[in-house]
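Read the figures in this text as sums done on the coordinates, not as results from a lab. What you see is a predicted model, and the numbers here were worked out from it, not measured in a lab. Methodologically, a virtual Cβ is constructed for each residue, glycine included, from the backbone with ideal geometry; neighbour enumeration extends over all protein chains shown.
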Amino acid sequence: MVQKKYFLVLLTSFFILISCKKEKQKIKEEREVNVKTTFTSLTKIDMPVSEFSHLPRLVVSNEKLHMTWVEKKDSLAILKYSCYNKNKWSGTKIISSGKDWFVNWADFPALAVNGDNMLTNILKKSAPGTYDYDIFLSLFSPNEIKISNFLLNKDKVASEHGFVSMKAYDDGYYVSWLDGRKTKNKDLRKREMTLRNAFINLDGKIVNEVELDNRVCDCCNTATAISNNGPVVVYRDRSNDNEEVRDISIVRWIDGEWTKPKPIHSDYWKLNGCPVNGPALATKGSNVAVAWFTAQNETPRILLAFSNNNGEKFNKPIRIDSANAIGRVDVSFLKDNSALVSWLEPIEENVVLQVARVHKNGSKDENMVIANTLASRQSGFPQLEVINDTVYVAWTDLNEDPKIKMVSYKVQF
C-alpha cells in the first residue's frame, strides 16, 4: 500500500513537472511572438556642450529637437540652449547664469516651446537653508537678445519650490511645480508639500495660479502635457493619513476647472520618505501614456499605463523592466500610438539605460540598450524624444567629468 501511494506521488509529481515545463514553454513562445526587433543601430550625435555639462532637457516642436542643459565653470552655473535640426546644432545661447542657484540632479530646468518663443526655469537660493529656493522663469527667443526673467512663486516664504514641468498651450504655457510654502507652518501637523499650477502668457504674466493638491510627495518630479481636452498633470501623491501611500495621481483641466486628484493605479506603495523618482507623461490626441517607478512589496519595477480618453480612465499597468529597476523614466508616443519608455536598470554587473517599445495590447518589443551608466545621482534623469520615426536619447555620461551624450536610432513600423 505504501509503495502504491509512493508511486502515485511520483506519478503526480511527474505530470506536474511536465505541465510546468509546458506552461513555461508556452510563456516563452508567447514572449518570442511579441518580441520584435524594431530599431536600427545607434547613431552618435556630436554635442554642443563643454566637458562639465549635465541636466539635459529635450523638447520636440515643429520637427525640431530643442535642448537646454546646465554647465559648471568653477562656482558658476550656466543654463544654455541649442536646437538640433537637419543633423546640425544651432548656435548655443546662454539663457542665464549665477552663483546662487540651487543645482540638483533631480530638480533640473524644464523647457517648453511655443512657436519661436521658449520658456525655461532655474532655481535660485532664497535663504541659507539647504532647500530654501525659488523658481525663476525665463522667456526668450533664440533669435533675439532680450531674455525676460521673473519669479514664479510669490509667496515670499523661504522654503522649497521646484520640480517644475511645463507645456505650451495656445498663447502661453501651463506650468506645474511642487510648492513648500506650507512646510514652514508653525503647526507641525500642517507642514505639507503642495502641487500648484499657473498659466504663463507670452508676455510673462502669471494668471490662474491654483493649488492642485494639498499634500504630495516632497521631491518627485512632476509632469505636464496637453491632451485633446486640455492640460493634464501627473505626480507622486501622498495619502492624507498615517499610511504614507505614495502612488501616482493625475489632475485634468475639464470644462474650465481642474479635477480632483485621482490615482493612475493603486500600487499602494507605503514609504516613509520620498523616493525622488517621479512619473513621465506623454499625450497624442486623446491618448495618454504614463510611466512610473514603484517598489510596492519591496519589488522595484517600472510600470506603464495607457488611456484613450484623455486620462479619464487608464488600462491595467504593463510592467516594463526585467527585475530590480532603478527608475528615472521618460516616455514618448510613436505615430502608431505605441509608446517608448526609457529607464535605468541593473543587468548583471552593469547599470544600463534602456528603451522599450510598448503596445496598447500589452506586448513589448525587444529592449534597446542605449548605454552603460551608473546608479549614482549624478547620472540624473535621461531624456527621450521622437521625431517621426527617429528616436533621440540624451543622458549624462560619468566616465570622466560629467558630460551630456546623445544617440539616435530609427524605429521600423
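Structure notes:
- Straight-distance candidates among the aspartates and glutamates for linking to residue 403, with alpha-carbon spacing under 12 Å and chain neighbours fewer than 8 residues away dropped: 46, 51, 71.
- Counted by neighbouring Cβ atoms within 10 Å, the residues 373, 183 run from fewest to most as 183, 373.
- Put simply, the Cα atoms of the stretch 230-287 extend 36, 21, 17 Å along their principal axes, the longest span coming first.
- Highest mean first, the peptides 389-396, 317-324 sorted by other C-beta atoms within 10 Å per residue fall in the order 389-396, 317-324.
- Identified option (computed Rg/Rh (Cα atoms, Kirkwood Rh); candidates (1) 1.05; (2) 1.02; (3) 0.98): (2)
- 16 Å reach of a label modelled at residue 262, 7 Å along Cα-to-Cβ, counting backbone N of the stretch 270-314: 286-290, 305-314
- Computed lengthening from residue 371 to residue 92, 0.36 nm per intervening residue step minus Cα-Cα distance: 97.9 nm
- Label point distance in nm, residue 348-residue 73, each placed 7 Å from Cα along Cα→Cβ: 4.3 nm
- Against the empirical 2.2 N^0.38 Å (N residues), the stretch 49-119 has a Cα radius of gyration ratio of 1.11.
- Legend: distances between Cα atoms for 86/146; 146/167; 64/262; pairs beyond 31 Å are 64/262.
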